[in-house]
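Some notes on the structure that comes next.
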Amino acid sequence: MDIEYLFRKHTPMTEDRLPWLRGSEEHSWTAKRNTSGRGVVSAILVRALFCALEGSILEAQYSTSADYVQAVVCSCSKPGTKAACWLDWSSNRCGIPHGEEAKVTYHLGVLAVVQSLADPCHSPDFWQAYLELLGAFHKVGRSAEIKASLCLAADELYYFLRYGSADPEPSQRRLETLQIGPQHPAPQASEMFSLNLDPLTDPESLRKLLGSDNDKEQPTAPNNDACTVTAGFVGWQAEALARALVSGENILLAGPTGTGKTYALHQVVEHMDLFLVIIEGKEGLTDLDFIGAILPQEDGRRKWVDGPLLRAMRQARIEPVLLFLDEINRIPRVHLNILLGLMNPKSGLACRQMGIDAEGQGPFYIVEVPMTSEMVTCPAQNLRLVSAGNFGRAYHVYDLDPAVRRRFDTVIEFDYLEYNDELALVQREVGRLDACTSEALVKLAQETRRLQSNGEMPGCVDTATLINWARKCETNASNSLASIMQAAQLTWADTVCGRDHTGRVNQGGFRALEDYLSSLAVV
């Protein structure tokens, strides 16, 4: 089988009621084993996921080894009918409706889901992504709000389908040798067992399945009420972050500047029993800013002083700690290499074999202190790692090492709000600003983002800047075009319009935005 058949569709998935998603669209919500940082939408695997989410897999069976699975699925093309399909890895053959060597249908993805369900301990990354997708789907259905979790689950499903539970090495590829066709007779497998399909549509059933099948110590949840985040942040990301923290995951927050990544984190932490330690990525980050350094004391002696990383680890010995690495892609590689080593937890036995005093089974995080050779450890379940970054060519930062990226279990994408949500946010935060002015400010902010995406402006009015601008208008009672643009000069003119060769704000761009504001006829 040619894997390119999985990515043959290149048009919007309108017929699947997903007009916001395009076949073969590139994205950054990648599987843990995908170290490229680039994912590609497979329309076939997306359709398979919706078959599972919507209960269209009617029945499924598997052999004792789970190398052979079969399923009966509601037909997408002919409502009211159903079709059977099967997959046998021992003979590298697959039988799917309308399938052939040069044509693959979504039934192949369904069979991968079924095989994964038969032995979920071999695909934990997929099921963690699917659980997140299932929760989002229950809330908003086929809305564009599920795009991040859908793309992540589809990428995880692709890696499971292609490599099973093995590392993504050329020698482990299995799709290339798979023979597909409706003509292949189904094998006569012995000892077939029926699968309980409830976990595909019921989040609680899936959690129970994963809890019973994962023979690993579960992290101590700081506070189960953390999944309910109330006032403040607008968007689904805060609750997704809270759920991931409760599950003990390491999380990466990604998105443009001013979209609320840090704000969402602080709001979530307010509702959870976690000790917060922050490392701020910046130019000239020193050892003391990260892990620690030897510093002179008042009495003339020199002494090792812990930086935030070691402070977090020592505190995690006694209570749950959240270590937040803000602007992670501004942290130099020499320090990220320390983080890379930290995020490879070791078992209690491995620690003791290394001469480290560690009680229990673990896992433990370990860092060796430079210059003192002290080995600092803490229980992995007590240390949550959350990072945030602005990624893309617009930001002068370090590329995030794929090996570091892979250590984050969940990536939560942030973006600018839709018009109605952003208007409601401005009106809530700047209550005394009249409605017409609020509408004008939000519309202009949204216009700057369109212009920036088209390469017509060097910057845009992000959400944080928009609120700052609105507050200045409120303070100065600005409701005329001139006063509003005067407040703009004090807040965003330089970053949005850029500067000319003399260092002055680009007046052409600024006047164009003023004309746009005037055309709204609301101020």
Q. Can you name the strands (runs of 3 or more DSSP E) wholly within the stretch 271-314 that have at least 2 residues being exposed (fewer than 13 other Cβ atoms within 10 Å of the Cβ) and assigned by TED's automatic domain parsing to the domain that holds residue 233?
A. 292-296, 302-306
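Within the stretch 427-447, is even one residue among the polar types (S, T, N, Q) and in contact with a strand residue (DSSP E or B) (Cβ under 8 Å, 6 or more places away or on another chain)?
Looking through the stretch 427-447, none of the residues is among the polar types (S, T, N, Q) and in contact with a strand residue (DSSP E or B) (Cβ under 8 Å, 6 or more places away or on another chain).
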Q. Do the conditions hold for residue 424, that is, is it among the small types (Gly, Ala, Ser) and within 26 Å of the chain's Cα centre (by Cα)?
A. yes
Q. Over 29 Å from residue 92 (Cα atoms) and either modelled with pLDDT under 90 or surrounded by fewer than 18 Cβ atoms within 10 Å (Cβ to Cβ) (or both): does that describe residue 181?
A. no
(Q) Name the residue that is nearest to residue 127 (Cα to Cα), counting only residues in the stretch 86-115 that are surrounded by fewer than 19 Cβ atoms within 10 Å (Cβ to Cβ) and among the hydrophobic types (A, V, I, L, M, F, W, C). (A) 89
Q.
For the stretch 315-356, which positions are assigned to a loop (DSSP other than H, G, I, E, B) and either among the aliphatic types (A, V, I, L, M) or surrounded by fewer than 16 Cβ atoms within 10 Å (Cβ to Cβ) (or both)?
A. 316, 317, 318, 319, 331, 332, 343, 344, 347, 354, 355, 356
Q: Restricting attention to the stretch 468-482, report how many residues are farther than 13 Å from residue 440 by Cα and buried (at least 16 other Cβ atoms within 10 Å of the Cβ).
A: 4
Q | Which listed residue, of 33, 47, 22, 17, is among the basic types (Lys, Arg), assigned by TED's automatic domain parsing to the domain that holds residue 167 and crowded, with 21+ Cβ neighbours inside 10 Å | A | 47
Q) Which one of these does residue 359 not meet: (1) in a helix (DSSP H, G or I); (2) modelled with pLDDT under 85? A) (1)
Q: Could you tell me which of the residues 71, 83 is touching a strand residue (DSSP E or B) at 6+ places or on another chain (Cβ under 8 Å), in a strand (DSSP E or B) and buried (at least 22 other Cβ atoms within 10 Å of the Cβ)?
A: 71
Q) Could you list, in sequence order, the residues of the stretch 486-507 that are more than 22 Å from residue 471 (Cα to Cα) and in a loop (DSSP other than H, G, I, E, B)? A) 498, 500, 501, 502, 503, 504, 506
Q) Considering the stretch 326-350 alone, what residues qualify as being more than 26 Å from residue 288 (Cα to Cα) and in contact with a strand residue (DSSP E or B) (Cβ under 8 Å, 6 or more places away or on another chain)? A) 347, 348
**Q.** Subset of the stretch 131-148 (residues that are of a type outside the set (Lys, Arg), assigned to a helix (DSSP H, G or I) and either touching a residue at least 40 places away in the same chain (Cβ under 8 Å) or surrounded by fewer than 23 Cβ atoms within 10 Å (Cβ to Cβ) (or both))
**A.** 131, 132, 133, 134, 135, 136, 137, 138, 140, 144, 145, 148
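The values are calculated or read from the model by the stated rules, or taken from the named source; none is laboratory data. Computed from a predicted model, the values in this text were never measured in an experiment. Please note: Cβ atoms are built from the backbone with ideal geometry, for glycine as well, and neighbour counts cover all protein chains shown.
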